[in-house]
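For reference, the structure I am asking about is given below.
The values are calculated or read from the model by the stated rules, or taken from the named source; none is laboratory data. The shown structure was predicted, so the numbers you read here are calculated from the model rather than taken from an experiment. For neighbour counting, all protein chains shown are included, and Cβ atoms are generated from backbone atoms with ideal geometry for every residue, glycine included. These accessible areas exclude ligands, DNA and RNA; they are computed on the full protein's heavy atoms, side chains included. Shrake-Rupley method; radii C 1.70, N 1.55, O 1.52, S 1.80 Å.
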Amino acid sequence: MRIDILTLLPELIESPLNHSIIKRAKEKGIVEIHLHNIRDYSTNKQKQVDDYAFGGGAGMVMCIEPIDLLIAKLKSERHYDEIIYTSPDGEIFNQHKANFLATKENLILLCGHYKGVDQRVRDHLITREISIGDYVLSGGELAAAVITDCLVRLLPGSISDETSALTDSFQDNLLAPPVYTRPADYKGWKVPDILLSGHQQQIDDWRHQQSEERTMRLRPDLLEGDE
Ligand code: ADE
């Protein structure tokens with residue numbers, strides 16, 4: 001998979017994409033992540049990338065031209081499956097959408113800023129808008145980092161234990177069961193006996209029951225549908 005991230009603040013997104021699972025996935029050639037500074041595509045002398053809103057109002061608006069030039073350049077080099085704009089107005093991101101996007105070959109993530117982008121970017125250049133939740137961030141970079149992290153860990157080979165991503169919370173619309181490690185008894189707080197029993201089938205059944213019980217208690221909405 002290849003992910004191109006278009007941003008005004010590449011520094012903001014560099015660090016989260018250079019550690020742990022993502023770092024290893026990049027080293028193994030499972031994913032390529034390219035950061036592009038939209039400012040590099042500004043055609044005016046001041047390298048301006050935003051302007052006042054027509055009709056007035058507070059806040060600057062990101063201009064269409066540098067974004068269009070950058071997207072056109074990328075599209076001339078390869079086909080993109082989706083060109084995603086990160087915005088609080090978008091469809092809410094969840095595991096179901098992550099699983100779908102993780103099957104794609106090439107993605108663009110466009111990070112919004114200021115009061116947003118010129119509406120014509122949204123009308124003509126992107127294929128979908130994604131929000132990571134009903135709250136407003138200062139920019140789309142953190143959202144792009146969240147989406148990228150979530151997708152990369154789903155790519156085959158990213159996680160050494162292949163079943164691990166599949167047993168994450170939200171796969172099957174269930175929260176993950178509790179996990180424990182040594183010591184088996186800490187200050188009298190004991191690990192459930194079943195996990196020490198060695199009966200794998202019973203352990204699997206117990207974990208499934210725990211997942212169902214936790215989901216019912218903490219996130220009953222997940223049991224109502226797969227969106
Ligand atoms: N940009 C600002 N807020 C956002 C959000 N909640 N999700 C995605 N992008 C955003």
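Hey, could you check region 85-101 for residues that are open to solvent by less than 20 Å² (accessible area, probe 1.4 Å) and more than 10 Å from the ligand (Cβ to nearest atom) and say which is farthest from residue 3 (Cα to Cα)?
Going through the qualifying residues, I end up with 98.
State all residues of region 185-227 that are among the aromatic types (Phe, Trp, Tyr) and open to solvent by less than 50 Å² (accessible area, probe 1.4 Å); if no residue qualifies, say none.
Residue satisfying the conditions is 206 alone.
Give the residue that is nearest to the ligand (Cβ to nearest atom), with candidates limited to residues of region 110-138 that are small (Gly, Ala, Ser) and at pLDDT below 95.
112
Restricting the first residue to region 114-137 and requiring it to be within 22 Å of residue 52 (Cα to Cα), which pairs with a second residue that is within 16 Å of the ligand (Cβ to nearest atom) and open to solvent by 90 Å² or more (accessible area, probe 1.4 Å) meet a Cβ separation below 9 Å and a spacing of at least six or different chains?
Once the first residue is within 22 Å of residue 52 (Cα to Cα) and sits in region 114-137, its partners that are within 16 Å of the ligand (Cβ to nearest atom) and open to solvent by 90 Å² or more (accessible area, probe 1.4 Å) give 116/89; 122/89.
Can you pull out every residue in region 146-165 that is open to solvent by 10 Å² or more (accessible area, probe 1.4 Å) and farther than 16 Å from residue 94 by Cβ?
If the condition is that a residue be open to solvent by 10 Å² or more (accessible area, probe 1.4 Å) and farther than 16 Å from residue 94 by Cβ, then 155, 156, 157, 159, 160, 161, 162, 163, 164 are the ones that fit.
Could I ask something else about it? Got a number for residues in region 111-145 being crowded, with 21+ Cβ neighbours inside 10 Å and of a type in the set (D, E, K, R)?
The qualifying residues number 1.
Scan region 166-184 residue by residue and report those that are of a type in the set (Phe, Trp, Tyr) and either open to solvent by 90 Å² or more (accessible area, probe 1.4 Å) or over 32 Å from the mean Cα position of the chain (by Cα) (or both).
Once the filter is applied, which keeps residues that are of a type in the set (Phe, Trp, Tyr) and either open to solvent by 90 Å² or more (accessible area, probe 1.4 Å) or over 32 Å from the mean Cα position of the chain (by Cα) (or both), region 166-184 yields only 180.
In addition: Just to be sure I understand, how many residues within region 49-75 are open to solvent by 20 Å² or more (accessible area, probe 1.4 Å) and either under 17 Å from residue 126 (Cβ atoms) or within 16 Å of the ligand (Cβ to nearest atom) (or both)?
The total comes to 12.
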